[in-house]
Amino acid sequence: AQSVTQLDSHVSVSEGTPVLLRCNYSSSYSPSLFWYVQHPNKGLQLLLKYTSAATLVKGINGFEAEFKKSETSFHLTKPSAHMSDAAEYFCVVSDLAGNTGKLIFGQGTTLQVKP
Amino acid sequence: GAVVSQHPSWVICKSGTSVKIECRSLDFQATTMFWYRQFPKQSLMLMATSNEGSKATYEQGVEKDKFLINHASLTLSTLTVTSAHPEDSSFYICSARASVGAFFGQGTRLTVV
């Protein structure tokens with residue numbers, strides 16, 4: 001069975017400082033991993049995805065994530081936080097090997113950006 | 001990227017009535033769509049997988065007679081919450097699977113009073 005664990009339920013940073021949102025995954029085969037962002041009362045927007053190509057994945061809005069198989073991690077980073085980055089972030093693994101395309105969501109991390 | 005439109009974005013209904021939520025893929029065809037439910041400050045829980053032209057597959061614990069899913073065309077899936085109760089109040093989100101990944105609707109805030 002696949003699962004993802006987001007290690008922090010809440011992260012607070014100051015504007016202009018780096019962002020690190022941590023995610024560990026569990027999968028019996030090579031996973032497809034995603035990060036989604038959700039602003040209040042909105043749907044989800046795909047930030048980036050890993051699908052067994054380059055281990056360092058660049059996404060939108062300056063975010064990137066690195067797939068580390070040895071650590072079973074897929075942490076999301078950004079060099080400099082912006083106020084507009086404040087939102088809920090979900091790490092997601094896809095059940096592509098089962099060919100269903102189901103997405104399994106982590107618990108979410110709330111990112112707070114202080115001025 | 002691909003666009004998924006969900007309607008309505010919010011709805012208030014009385015206890016005992018039914019509510020229909022639509023999910024449309026606007027610029028691609030989706031043979032598979034997914035319906036999720038999100039409680040306040042919690043993650044998304046998959047309710048069911050909607051397959052065009054066939055019956056939906058429900059996750060364990062989801063009442064299929066209460067949450068009716070219809071996927072009559074390659075661009076439209078509907079979720080009907082039947083005989084709604086206050087505990088059904090939640091944020092419902094659909095997603096449609098395209099060749100490059102899954103895209104989400106903007107969600108529907110359902111409040112049952």
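Can you give me the number of residues within region A:92-112 that are open to solvent by less than 10 Å² (accessible area, probe 1.4 Å) and modelled with pLDDT of 95 or more?
Here the count works out to 2.
When you scan region B:57-67, do you find a residue that is in a loop (DSSP other than H, G, I, E, B) and among the small types (Gly, Ala, Ser), even just one?
Scanning region B:57-67 turns up at least one residue that is in a loop (DSSP other than H, G, I, E, B) and among the small types (Gly, Ala, Ser).
Within region B:43-56, take every residue that is part of a loop (DSSP other than H, G, I, E, B) and within 14 Å of chain A (Cβ to nearest Cβ) and give me the one that is surrounded by the most Cβ atoms within 10 Å (Cβ to Cβ). Can you show your working first?
Within region B:43-56, the subset part of a loop (DSSP other than H, G, I, E, B) is B:43, B:52-56.
Next, from what is left, pick out any that are within 14 Å of chain A (Cβ to nearest Cβ): B:43, B:52, B:54, B:56.
Numbers: B:SER43: 18, B:GLU52: 16, B:SER54: 9, B:ALA56: 21.
Checked region B:43-56; the qualifying residue surrounded by the most Cβ atoms within 10 Å (Cβ to Cβ) is B:ALA56.
Just give me the residues in region B:12-28 being among the hydrophobic types (A, V, I, L, M, F, W, C) and more than 13 Å from every other protein chain (Cβ to nearest Cβ), in sequence order.
Selection gives B:ILE12, B:CYS13, B:VAL19, B:LEU26, B:PHE28.
Say whether the condition of being in contact (Cβ under 8 Å) with a residue 24 or more places away in the chain, surrounded by 22 or more Cβ atoms within 10 Å (Cβ to Cβ) and outside any strand (DSSP E or B) is met by at least one residue in region B:76-84.
Within region B:76-84, one or more residues are in contact (Cβ under 8 Å) with a residue 24 or more places away in the chain, surrounded by 22 or more Cβ atoms within 10 Å (Cβ to Cβ) and outside any strand (DSSP E or B).
Is there a residue being part of a strand (DSSP E or B), under 12 Å from the mean Cα position of the chain (by Cα), within 11 Å of another protein chain (Cβ to nearest Cβ) and modelled with pLDDT of 90 or more anywhere in region A:47-68?
The answer is yes, given that some residue of region A:47-68 is part of a strand (DSSP E or B), under 12 Å from the mean Cα position of the chain (by Cα), within 11 Å of another protein chain (Cβ to nearest Cβ) and modelled with pLDDT of 90 or more.
For residues in region B:85-113 being aliphatic (A, V, I, L, M) and within 14 Å of another protein chain (Cβ to nearest Cβ), which is surrounded by the most Cβ atoms within 10 Å (Cβ to Cβ)? Give the steps one after another, and end with the answer.
Initially, region B:85-113 is screened for residues aliphatic (A, V, I, L, M), giving B:93, B:96, B:98, B:100, B:102, B:110, B:112-113.
Narrowing further to those that are within 14 Å of another protein chain (Cβ to nearest Cβ): B:93, B:96, B:98, B:100, B:102, B:110.
Values: B:ILE93: 25, B:ALA96: 30, B:ALA98: 18, B:VAL100: 12, B:ALA102: 24, B:LEU110: 21.
Applying the filter and picking the extreme gives B:ALA96.
All but one of (1) surrounded by fewer than 19 Cβ atoms within 10 Å (Cβ to Cβ); (2) in contact (Cβ under 8 Å) with a residue 12 or more places away in the chain hold for A:TYR36; state the number of the condition that does not hold.
Evaluating A:TYR36 over (1) surrounded by fewer than 19 Cβ atoms within 10 Å (Cβ to Cβ); (2) in contact (Cβ under 8 Å) with a residue 12 or more places away in the chain leaves (1) as the failure.
Quick one: what pairs do we get from region A:1-25, first residue more than 17 Å from A:PHE63 (Cβ to Cβ) and without any contact (Cβ under 8 Å) to a residue 60 or more places away in the chain, second among the β-branched types (Val, Ile, Thr) and in a loop (DSSP other than H, G, I, E, B), C-beta under 9 Å, 6+ apart or different chains?
Hits for this filter: A:ASN24/A:THR72.
Find the residue count for region B:50-83, including only residues that are hydrophobic (A, V, I, L, M, F, W, C) and farther than 18 Å from B:TYR36 by Cβ.
Here the count works out to 2.
The values are calculated or read from the model by the stated rules, or taken from the named source; none is laboratory data. Predicted model only: the values in this text are computed from it and were never measured. Note that each Cβ is placed from the backbone with ideal geometry, even for glycine, and that neighbours are counted across all protein chains shown. The accessibility values were calculated without ligands, DNA or RNA, using every heavy atom of the protein model including side chains. Shrake-Rupley method; radii C 1.70, N 1.55, O 1.52, S 1.80 Å.
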